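A.B. asks: Here it is, the structure, as structure tokens.
The values are calculated or read from the model by the stated rules, or taken from the named source; none is laboratory data. In this text the structure is predicted, and so the values were computed from the model without any measurement. Note: ideal-geometry Cβ built from the backbone for every residue, glycine included; neighbour counts use all protein chains shown. When the accessible area is computed, the model is the full protein with side chains, heavy atoms only, and any ligands, DNA or RNA have been set aside. Shrake-Rupley method; radii C 1.70, N 1.55, O 1.52, S 1.80 Å.
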Amino acid sequence: MTRWLLRAIGLLLMASALALALSRAPDRAVQTLVARWAPPPSDFIDLHGQLVHLRDEGPRSDPTPIVLIHGTSASLHTWQGWTAALRGQRRVISFDLPAFGLTGPFSGRYVDSPYTGEAYAAFVIDLLDALKLQRAVVGGNSLGGEVAWRVASRAPQRVERLILVDTAGYPFEPESVPIGFMLARVPLLNRLTEWVLPRSVVEASVRDVYGDPARISPALVDRYFELTLRDGNRRALVQRFAAQRADAERYDDNRARVRALQVPTLILWGGRDRLIPLSVGRRIADDLPGSRLVIFDALGHVPHEEDPAATLVPVREFLGVR
């Protein structure tokens with residue numbers, strides 16, 4: 001009996017070692033990812049020593065370009081549906097925030113910056129300056145939504161209109177947290193995920209934020225998985241979640257700043273968002289008199305990515321774009 005037990009334990013250890021080896025996913029240099037994930041119209045600009053991946057599409061004559069900011073662990077690609085539909089009439093700028101996509105961790109002037117919403121807002125204002133944008137429509141999803149309203153709070157004269165999509169910045173109790181986010185928050189485990197990351201973990205995380213997982217394709221999972229492997233992104237994500245806790249502790253200040261905004265605001269929310277529930281969207285709408293809240297009952301935390309056509313309907317109306 002003892003011999004069989006030892007044999008079983010040995011087989012289990014061998015299987016575990018094999019699974020670990022097969023799941024090994026070391027960081028990838030940004031150069032190895034550019035061909036697939038940064039074809040034209042992608043470009044890279046040097047912002048005070050930080051190389052930023054961005055796309056600047058549509059007519060340069062647009063006096064108030066649309067600037068779109070993605071959420072945690074996403075990239076500028078999340079806005080592809082919107083940009084493709086809008087770029088014929090409006091100038092649309094999307095980019096990868098530091099710690100995500102092909103931009104990678106804070107570097108250059110920003111190397112010691114914390115991954116807080118406020119630091120990101122300061123970074124975005126610097127980007128607006130570099131692009132010579134005096135005024136813009138600013139939109140964002142999740143973390144990007146929080147960054148958007150912080151930009152409007154810090155520099156109200158720079159923001160003509162605000163589009164908030166399943167926005168962060170208020171406290172919330174998630175119904176479900178993507179497993180990738182959970183791993184990034186657990187000491188020791190989060191260090192392990194810098195070397196070992198099964199693609200299945202990323203796929204499960206994406207499925208968790210979609211209202212209808214049937215909309216998820218292998219190519220979509222590939223994008224999230226490969227961009228997560230960009231050199232330094234996983235370590236920076238751990239730092240981002242630590243900073244997020246500090247942001248959450250400033251709820252009263254956050255709410256006061258949102259209430260003080262005097263900019264036309266459209267709020268979009270997925271009715272099946274299990275990460276940041278709809279109740280948060282209702283609180284934000286209540287704190288912004290004159291704002292409009294549009295709910296998409298069948299969509300999740302990234303409704304703009306899940307169904308670009310449906311979510312663009314109120315956006316077009318809000319922007320006066322046919």
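A.B. asks: Kindly write out, for region 159-171 in residue order, the coupling ³J(HN,Hα) from the Karplus curve 6.51 cos²θ - 1.76 cosθ + 1.60 (θ = phi - 60°), rounded to whole Hz, with x marking Gly and Pro.
C.D. replies: 10, 7, 9, 10, 10, 10, 10, 6, 7, 8, x, 10, x
A.B. asks: Once phi is turned into θ = phi - 60°, what whole-Hz ³J(HN,Hα) does the Karplus curve with 6.51, -1.76 and 1.60 give for every residue of region 188-201, x standing for Gly and Pro?
C.D. replies: 6, 4, 5, 6, 4, 5, 6, 10, 10, 8, x, 4, 5, 5
A.B. asks: Among S291, S75, S142, which one moves the most in a GNM of the chain with springs linking Cα atoms closer than 10 Å?
C.D. replies: Highest fluctuation among the options: S291.
A.B. asks: Over region 80-180, calculate the relative contact order: mean separation of alpha carbon pairs under 8 Å at least 6 apart, over the residue count, as a percent. The partial results should precede the final answer.
C.D. replies: Values: 98 pairs, mean separation 19.6, N = 101.
Relative contact order comes out at 19 percent.
A.B. asks: Provide the descending list of Cα extents for region 88-175 along its principal axes, expressed in whole angstroms.
C.D. replies: Principal-axis extents of the Cα atoms in region 88-175, largest first: 38, 32, 26 Å.
A.B. asks: Per residue, how much accessible area does region 232-298 show when a 1.4 Å probe rolls over the protein heavy atoms, in square angstrom?
C.D. replies: Values: 3290 Å² over 67 residues.
Each residue of region 232-298 exposes 49 Å² on average to a 1.4 Å probe.
A.B. asks: Per residue, what accessible area does region 41-153 have, given a 1.4 Å probe and all protein chains present, in Å²?
C.D. replies: Values: 3300 Å² over 113 residues.
Averaged over the residues of region 41-153, the accessible area is 29 Å².
A.B. asks: Rounded to the nearest Å, what's the spacing between the alpha carbon centres of region 139-195 and region 61-128? Just the number, please.
C.D. replies: For region 139-195 versus region 61-128, the Cα centre distance is 13 Å.
A.B. asks: Quick one: compute the contact order of region 227-322, relative version, from alpha carbon pairs under 8 angstrom and 6+ residues apart, as a percent.
C.D. replies: Working: 86 pairs, mean separation 23.0, N = 96.
Relative contact order for region 227-322 comes out at 24 percent.
A.B. asks: If you don't mind, another one. Restricting to DSSP H runs of at least four residues, report the calculated mean residue ellipticity at 222 nm for the chain, -39500 (n - 2.57) per run over all residues, nearest 500 deg cm²/dmol.
C.D. replies: -13500 deg cm²/dmol
A.B. asks: Taking all protein chains in place and a 1.4 Å probe, what share, in percent, of the accessible surface of the chain do carbon and sulfur account for? Spell out each step's value before the answer.
C.D. replies: On the way: 8250 of 14550 Å².
The C+S portion of the solvent-accessible surface of the chain is 57 percent.
A.B. asks: Sequence-distant or interchain residues sharing an amide H contact under 5 Å with L299, placed H: which?
C.D. replies: Residues meeting the amide H criterion: G271, R272.
A.B. asks: On to the next question. Using Cα pairs closer than 8 Å and at least 6 residues apart in sequence, work out the relative contact order for region 162-299, in percent.
C.D. replies: Working: 168 pairs, mean separation 53.3, N = 138.
Computed value for region 162-299: 39 percent relative contact order.
A.B. asks: Dipole magnitude of region 67-139 about its Cα centre, charges +1 at Lys/Arg Cβ and -1 at Asp/Glu Cβ only, in debye to the nearest 20? Walk me through the numbers on the way to the answer.
C.D. replies: Working: 6 positive and 5 negative charges, 87 e Å.
That gives region 67-139 a dipole magnitude of about 420 debye.
A.B. asks: Using the Karplus curve 6.51 cos²θ - 1.76 cosθ + 1.60 with θ = phi - 60°, what ³J(HN,Hα) values do you get for each residue of region 278-286, in whole Hz, with x for Gly and Pro?
C.D. replies: 4, 4, 5, x, 5, 5, 5, 4, 5
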